[in-house]
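The values are calculated or read from the model by the stated rules, or taken from the named source; none is laboratory data. The structure presented is a predicted model; accordingly, all values stated were derived computationally and were not measured. In this analysis, Cβ positions are derived from the backbone assuming ideal geometry, glycine residues included, and neighbour counts consider all displayed protein chains.
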Amino acid sequence: MKKMTALLIGAGDRGARAYAPYALAYPNELEIVGVAEPINERRTKLQQTHNIAAEYCYEAWEDVLNLDKKIADIAIICTLDRNHFKPTMRALELGYHVLLEKPMSPDPLECIAMEQAAKKYNRQLTIGHVLRYTDFWSTIQKVIAKGEIGEVVSLQLNENVEVMHMSHSFVRGNWNNKEMSSPMILQKSCHDMDIISFVIGKQCKRISSYGSLMHFKEENAPAGAPKRCLDGCPAELECPFHSGRYYLGEGKGWAKKFTEDYTNEGIIKALQETPYGKCVYRSDNNVVDHQVVNMEFEDGATATFSMCGFTREQTRIVQIMGTKGEIRGNMEENSISIFDFLTKQETIIKFDNPVGGHGGGDNGIMRTFLREIQFGNQGESVSSTSASVRSHLMAFAAEESRLNEGQSMNIDDYYHILLENLNA
């Protein structure tokens, strides 16, 4: 395979730690030759790690995408959710193939416009639905496609967010406010809308949803709790979310998400200056901390999805019920069980420890993306833009339903209305 070059736009957690390391592990396949990142420490660190020439290090994506020429074969775009659309559209126009972190955009019209642009410019646009590339989910999809459990009747998927991950990312962090980023069902769980569609292998036709922000709000703050935990909270020893005790203790690894100085002094300084030091009950968060979604697919199959921030571990647990058998799986355990109703035989598959994040999906999507560019899709792409748009629409429709007391939403009707608005 010919080595390809990449421009990284956004050198935060996903860009610098999930996708860019592929170039270090497989330098014969990929080289990062440019970076656009507004935070100097991140930009400098990535430049040094990947030995990028100073002339190809930029503060803003506009600086590099407004050049008259491409500087790489592909663009890996990992900006914040609401900053995905413009750099993606410009990169496609310039002729870059694009790997875009999920979600595509908090605006459904922008999602559709990006899909249309990729077709117009004949460029590969792959969305970061990394779960599709794991051994766990790809094996489940193959078992179902082969008919080993017959026709899928119903699927149940629980996303256990884990309580401290919830407080870090969705109460204090970048994705705590849906007006500034995305609704929870889109930002966190478009993975799940996508993977449910992927394994069932049919289109979702109707969807409804319920959920709310139940716990992380002002009225649940301990008596006398200040705005910042380090300002002397009387509930320090009783509150599991106390920022000082957590980020200087068991959660010290999470501190790398908000400071480049990992010393105790550096973490304390960041907790005094960033939202990660705020009381979880006195933050500007408004995304839900739990949500359920009901889905009906072609031919009558149903699925239920539950996302909850109040769990002991971070994992996904799935149960898929077919006419001839059943599949059960737990991503944290990285194993699945396949049960045959006729023979009563249970087959347990324990996967090897994955290399890379998201159960090996981060490496898997990079490898597949590069090969699809050079050799074609060999059929439908593992995560084609059209499939990604459809699963994003499921998330948008679920949020619309939740805001309207669980009103049932027809996905096709919803899509057609959006197309009319886009073309108006």
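Within segment 58-68, the residues that satisfy the criterion of being surrounded by fewer than 19 Cβ atoms within 10 Å (Cβ to Cβ) and either within 15 Å of residue 5 (Cα to Cα) or over 24 Å from the mean Cα position of the chain (by Cα) (or both) are 59, 62, 63, 66, 67, 68. When each of 324, 350, 344, 269 is tested for being farther than 30 Å from residue 11 by Cβ and free of Cβ contacts under 8 Å to residues at least 12 places away in the same chain, the lone residue that passes is 344. Taking each residue of segment 112-138 that is of a type in the set (Asp, Glu) and looking for partners that are assigned to a helix (DSSP H, G or I) with beta-carbon atoms closer than 7 Å, six or more apart or interchain, yields 115/385; 115/386; 115/389; 135/360.
In this structure, is residue 7 closer than 20 Å to residue 85 by Cβ, of a type in the set (A, V, I, L, M) and touching a helix residue (DSSP H, G or I) at 6+ places or on another chain (Cβ under 8 Å)? Yes. Here residue 193 fits the description: of a type in the set (A, V, I, L, M) and surrounded by 24 or more Cβ atoms within 10 Å (Cβ to Cβ). Note on segment 94-111: among residues that are part of a strand (DSSP E or B) and either touching a residue at least 40 places away in the same chain (Cβ under 8 Å) or out of contact with any helix residue (DSSP H, G or I) (no Cβ under 9 Å at 6 or more places or on another chain) (or both), the one that is surrounded by the fewest Cβ atoms within 10 Å (Cβ to Cβ) is 99.
Which of the residues belonging to segment 69-93 are part of a loop (DSSP other than H, G, I, E, B) and crowded, with 19+ Cβ neighbours inside 10 Å? If you could, list the steps in order and put the result at the bottom.
Kept after step one, since they are part of a loop (DSSP other than H, G, I, E, B), are these residues of segment 69-93: 69-73, 78-80, 84.
Selection gives 71, 72, 73, 78, 79, 84.
State whether one or more residues within segment 199-220 are at pLDDT 95 or above and among the acidic types (Asp, Glu). Yes - at least one qualifying residue is present in segment 199-220.
Considering segment 216-236, the residues that are of a type in the set (D, E, K, R) and assigned to a loop (DSSP other than H, G, I, E, B) include one that is farthest from residue 176 (Cα to Cα), namely 236. Among the residues making up segment 15-39, a single one is assigned to a loop (DSSP other than H, G, I, E, B), buried (at least 22 other Cβ atoms within 10 Å of the Cβ) and of a type outside the set (Asp, Glu): 20. For residue 110, are the conditions met, namely being more than 18 Å from residue 183 (Cβ to Cβ) and outside the structural domain of residue 175 (by TED's automatic domain parsing)? For residue 110, the condition - more than 18 Å from residue 183 (Cβ to Cβ) and outside the structural domain of residue 175 (by TED's automatic domain parsing) - is not met. Can you tell me which residue in segment 112-140 is farthest from residue 151 (Cα to Cα), limited to those that are part of a helix (DSSP H, G or I) and in contact with a Leu (Cβ under 6 Å, 6 or more places away or on another chain)? Taking the candidates together, the pick is 117.
Of the residues making up segment 298-315, those that are within 23 Å of the chain's Cα centre (by Cα), of a type in the set (A, V, I, L, M, F, W, C) and more than 17 Å from residue 331 (Cα to Cα) number 2. Tell me, yes or no, whether segment 33-51 has at least one residue that is in contact with an Asp or Glu (Cβ under 7 Å, 6 or more places away or on another chain), at pLDDT below 95 and hydrophobic (A, V, I, L, M, F, W, C). No, every residue in segment 33-51 fails to be in contact with an Asp or Glu (Cβ under 7 Å, 6 or more places away or on another chain), at pLDDT below 95 and hydrophobic (A, V, I, L, M, F, W, C). Scanning segment 176-209 for residues that are closer than 22 Å to residue 134 by Cβ and either free of Cβ contacts under 8 Å to residues at least 60 places away in the same chain or in a loop (DSSP other than H, G, I, E, B) (or both) yields 188, 189, 201, 202.
Looking only at segment 345-369, count how many residues are farther than 18 Å from residue 144 by Cα and exposed (fewer than 15 other Cβ atoms within 10 Å of the Cβ).
Here the count works out to 3.
Just one of the numbered conditions (1) of a type outside the set (Lys, Arg); (2) closer than 27 Å to residue 133 by Cβ; (3) at pLDDT 95 or above is not true of residue 374: (3).
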